[in-house]
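These notes concern the structure reproduced below.
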Amino acid sequence: MTLDRTAPARPAVTTDPGVPAPSRRVSPTQWASQSLTMAWRSIVQIKHNPSELLDLSIQPIMFVLLFTFVFGGAIGGSTDAYLQFSLGGLIAQNALFLTIYTATGLATDLQKGTFDRFRSLPIARSAPLSGRILGDVLRQLWSLVVLLAVGVLLGFRITTSPVAVLAAFGLLVAFTLAFSWTSVLLGVLARDPEKVQIYGFTVLFPLTFASNAFAPTETMPGWLQAWVSINPVTRMADALRGLLVGGPVAANAIATLLWGVAFAAVFGPLAVWALRTRT
Amino acid sequence: MPPAIEADGLVKRFGATTALAGASFSATEGTVLGVLGPNGAGKTTATRVLATLLAPDEGRGLVGGFDVVTEPHRVRTLIGLTGQYAGVDEALTGTENLVLIARLLGQRRAAAKMRAAELLAQFGLTDAAGRAARTYSGGMRRRLDLAASLVGRPRILFLDEPTTGLDPASRNELWDMVRGLTDDGVTVLLTTQYLEEADQLADDIVVIDRGTVVARGTPLDLKSRAGAAVLQMRPTQPEQLEAVRAVAAELAGAEPTVEQGTVSVPAADDALMPAVVRRLDDVGVSLAELTLRRATLDEVFLALTGHRAIEADPTDDLQESA
């Protein structure tokens, strides 16, 4: 390293004498405002991309209808009983699928050079990421509201309190935020939205379907039960069921959050490393 | 006056590949510096280092007097960047793309919208302002990209191969826009693979090859050293090849190359062709073919460096853009 860090900075040749030198870093208020602007961008993208609106609204509805009316009777005895069981699972699965948006959005920005543009601006280094994740949280909430509304229309009964429903929202957001680090890593490494879809669903399909989201664990073969009972999707689905229709919550919620901490602890540093070195 | 951009011995390695091997150059405030070189020469890497996107392994980069490694945030307040791949968000409209940048730079909503409208008008995109950028043509996208890099009124602008992939008409439009910028005192660093582009736009040119600067000067300097044009002569009778070569060597003052019955010599001077024709006529040599054509980058390289511009293999290029 021949870089001479001790040499005094020369005056900015391009700044007028009367103008103070530009600031050295970003203030917390600026960071918040920049993140909000990035989140605005991420939401505006939906407006211009009808297929995304479809993914966010129609796809969860299709899943509810499919599982309730096609499989529900067979799995749960009656469609009504099954809906009470499956909606928590559908919400958990849908939330995990949505985390893919963080990866596809990031991969698109990297591929198209948009990310370079952002990094050349005098903004917080983390703003592109925090803004995107904030936008993705809003997607999560939208999708959750759609799922709950459709569920209620089809006869799903929330038997707990409004506080419990809010807690369900909170748990879902907390876990998906932590899980998003895997998506950030995937987006940076894949650098291609189509690859993200392929890799993402290759992981998410087994993760979400090899759970008790759609069928009770007891109906599965023993070797699968071993995985299903610890699968974070199972634990979150059970916690959501508890918060929406009653049942044990604490152990499942804690397990879900511990999984979240584990995902963030492993993939957070990897994602930050990838962002630093691969972009 | 210190230079607006100064690269001092920049080294950057990607694994076993050395993208920059001690590149040094500088740009005077208010001028266009053309960085000319073939694919994989290190142009993009140099741009990314100076635009604070990539830390150099060795050496020092100063932009507007600020060190790109120790004071990147201050550098970013001064610069605009238009990358090799248009960095606009294709899902957003032209207006939204520019408003996004303006808002990120701290402008209020109304001011951001005004700045966006102003730039869209300046770049002839007003009619397309409300359309998603993915519906734009390649030329329009580049213009929007250039507009996006100007939102914050940068004093120093990095243009990384801004016309690659554009048709000649769009390219000429973009050239005009770049010329307009320096009138306002903006310093431009422009990388290009095209000798003609550097010739058209740059006040000074550095020729970069395998990560180092192999030549520098004004376009005129380089052209007179390398020959902006090449005179090609094919005698009607092959046995007169040597006579043609001798005349060309004498009048051009450079060593001609003889290939497949054709003599080629750098033509630094417009007067060379008529002089050669007269002399050959005097000595009774008739030509089957006489062509004056623009020198290729390869020929400039050959003249300046003594070796041909070697196209880097695609993996190098990937790493350079990584």
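The values are calculated or read from the model by the stated rules, or taken from the named source; none is laboratory data. These figures come from a predicted structure and were not determined experimentally. Note that we place each Cβ from the backbone using ideal geometry, even for glycine, and neighbour counts take in every protein chain shown.
For B:Arg74, the test of being of a type in the set (D, E, K, R) and surrounded by 24 or more Cβ atoms within 10 Å (Cβ to Cβ) is passed.
Here's the yes/no breakdown for (1) assigned by the TED database to the domain that holds B:Leu36; (2) within 20 Å of B:Ala198 (Cβ to Cβ); (3) at pLDDT 90 or above:
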| site | (1), (2), (3) |
| --- | --- |
| B:Ala252 | no, no, no |
| B:Glu255 | no, no, no |
| B:Ala267 | no, yes, no |
| B:Leu272 | no, no, no |
| B:Arg278 | no, no, yes |
| B:Val285 | no, no, no |
| B:Pro314 | no, no, no |
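Report yes if some residue within the range A:118-136 is more than 14 Å from chain B (Cβ to nearest Cβ), farther than 30 Å from B:Leu150 by Cβ and either basic (Lys, Arg) or free of Cβ contacts under 8 Å to residues at least 40 places away in the same chain (or both); otherwise report no. No, because not a single residue in the range A:118-136 is more than 14 Å from chain B (Cβ to nearest Cβ), farther than 30 Å from B:Leu150 by Cβ and either basic (Lys, Arg) or free of Cβ contacts under 8 Å to residues at least 40 places away in the same chain (or both). Cβ-Cβ distances below 8 Å connect no pair with a first residue in the range B:42-55 that is over 12 Å from B:Leu81 (Cα atoms) and not assigned by the TED database to the domain that holds B:Lys12, a second residue that is of a type outside the set (A, V, I, L, M, F, W, C) and assigned to a loop (DSSP other than H, G, I, E, B), and a separation of six or more residues or different chains.
For the range B:1-106, the helices (runs of 4 or more DSSP H) that sit wholly inside it and include 1 or more residues that are away from every other protein chain (no Cβ under 12 Å) and β-branched (Val, Ile, Thr) are B:43-50. A search for C-beta distances below 6 Å between a residue of the range A:239-259 that is at positive phi and any residue that is in a helix (DSSP H, G or I), counting only pairs 6+ apart in sequence or on different chains, returns A:Gly247/A:Arg241.
Restricting attention to the range B:172-198, which residues are in contact (Cβ under 8 Å) with a residue 24 or more places away in the chain and among the charged types (D, E, K, R)? Working first, answer last.
Kept after step one, since they are in contact (Cβ under 8 Å) with a residue 24 or more places away in the chain, are these residues of the range B:172-198: B:173-175, B:177-178, B:181-182, B:185-198.
Result: B:Glu173, B:Glu196, B:Glu197.
Within the range A:187-200, is there a residue that is outside any helix (DSSP H, G or I), over 26 Å from A:Ile61 (Cβ atoms), at pLDDT 90 or above and among the β-branched types (Val, Ile, Thr)? No, the range A:187-200 contains no residue that is outside any helix (DSSP H, G or I), over 26 Å from A:Ile61 (Cβ atoms), at pLDDT 90 or above and among the β-branched types (Val, Ile, Thr). Against the criterion of being in contact with a His (Cβ under 9 Å, 6 or more places away or on another chain) and either assigned by the TED database to the domain that holds B:Thr191 or surrounded by fewer than 23 Cβ atoms within 10 Å (Cβ to Cβ) (or both), B:Thr93 qualifies. Figure legend. Inter-residue proximity from the range B:22-41: first residues closer than 15 Å to B:Leu159 by Cα, second residues among the small types (Gly, Ala, Ser) and modelled with pLDDT under 90, beta-carbon distance below 7 Å, spacing 6+ or different chains. Indicated pairs: B:Gly30/B:Gly185; B:Gly34/B:Ala198; B:Leu36/B:Ala198.
Scanning the range A:264-279 for residues that are surrounded by fewer than 12 Cβ atoms within 10 Å (Cβ to Cβ) and of a type in the set (Lys, Arg) returns a single hit, A:Arg276.
Whether any residue in the range B:78-91 is hydroxyl-bearing (Ser, Thr, Tyr) and modelled with pLDDT of 95 or more is what I want to check. No, there is no match, as no residue in the range B:78-91 is hydroxyl-bearing (Ser, Thr, Tyr) and modelled with pLDDT of 95 or more.
Yes/no per residue for (1) among the basic types (Lys, Arg); (2) in contact with a Phe, Trp or Tyr (Cβ under 7 Å, 6 or more places away or on another chain); (3) in contact (Cβ under 8 Å) with a residue 24 or more places away in the chain:
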residue	(1), (2), (3)
A:Thr29	no, no, no
A:Ile43	no, no, yes
A:Met62	no, no, no
A:Asp80	no, no, yes
A:Gly89	no, yes, yes
A:Ile100	no, no, yes
A:Ala103	no, no, yes
A:Gln111	no, no, yes
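Out of the range B:107-132, which residues are under 22 Å from A:Val26 (Cα atoms) and part of a helix (DSSP H, G or I)? Result: B:Arg109, B:Ala111, B:Ala112. For the range A:95-117, give me the residue count where each residue is assigned to a loop (DSSP other than H, G, I, E, B) and away from chain B (no Cβ under 11 Å). Residues in the range A:95-117 being assigned to a loop (DSSP other than H, G, I, E, B) and away from chain B (no Cβ under 11 Å): 1 in total.
Going through B:Ala121, B:Ala112, B:Ala129 one at a time, which residue ends up being buried (at least 19 other Cβ atoms within 10 Å of the Cβ) and either over 22 Å from B:Gly180 (Cβ atoms) or out of contact with any Cys (no Cβ under 8 Å at 6 or more places or on another chain) (or both)? Outline the logic, then answer.
Values: B:Ala121 fails: buried (at least 19 other Cβ atoms within 10 Å of the Cβ); B:Ala129 fails: buried (at least 19 other Cβ atoms within 10 Å of the Cβ).
Sole residue among the options that is buried (at least 19 other Cβ atoms within 10 Å of the Cβ) and either over 22 Å from B:Gly180 (Cβ atoms) or out of contact with any Cys (no Cβ under 8 Å at 6 or more places or on another chain) (or both): B:Ala112.
Anything in the range B:260-281 that is acidic (Asp, Glu) and over 16 Å from B:Ala295 (Cα atoms)? List them, or say none.
First, pick out the residues of the range B:260-281 that are acidic (Asp, Glu): B:269-270, B:281.
Of everything in the range B:260-281, just one residue is acidic (Asp, Glu) and over 16 Å from B:Ala295 (Cα atoms), namely B:Asp281.
Residues checked against (1) surrounded by fewer than 20 Cβ atoms within 10 Å (Cβ to Cβ); (2) within 22 Å of A:Leu275 (Cβ to Cβ); (3) modelled with pLDDT of 85 or more; (4) within 14 Å of chain B (Cβ to nearest Cβ):
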{"site": "A:Pro22", "(1), (2), (3), (4)": "yes, no, no, yes"}
{"site": "A:Met38", "(1), (2), (3), (4)": "no, yes, yes, yes"}
{"site": "A:Gln45", "(1), (2), (3), (4)": "no, yes, yes, yes"}
{"site": "A:Leu65", "(1), (2), (3), (4)": "yes, no, yes, no"}
{"site": "A:Gly73", "(1), (2), (3), (4)": "yes, no, no, no"}
{"site": "A:Gln93", "(1), (2), (3), (4)": "no, no, yes, no"}
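Taken together, the residues in the range B:148-203 that are crowded, with 18+ Cβ neighbours inside 10 Å, among the small types (Gly, Ala, Ser) and away from every other protein chain (no Cβ under 12 Å) amount to 3.
Considering only residues in the range B:287-302 that are out of contact with any Leu (no Cβ under 6 Å at 6 or more places or on another chain) and modelled with pLDDT of 75 or more, the one that is farthest from B:Thr262 (Cα to Cα) turns out to be B:Arg293.
Selection within the range A:118-136: residues that are of a type in the set (A, V, I, L, M, F, W, C) and part of a helix (DSSP H, G or I). The member of this set that is surrounded by the most Cβ atoms within 10 Å (Cβ to Cβ) is A:Ile133.
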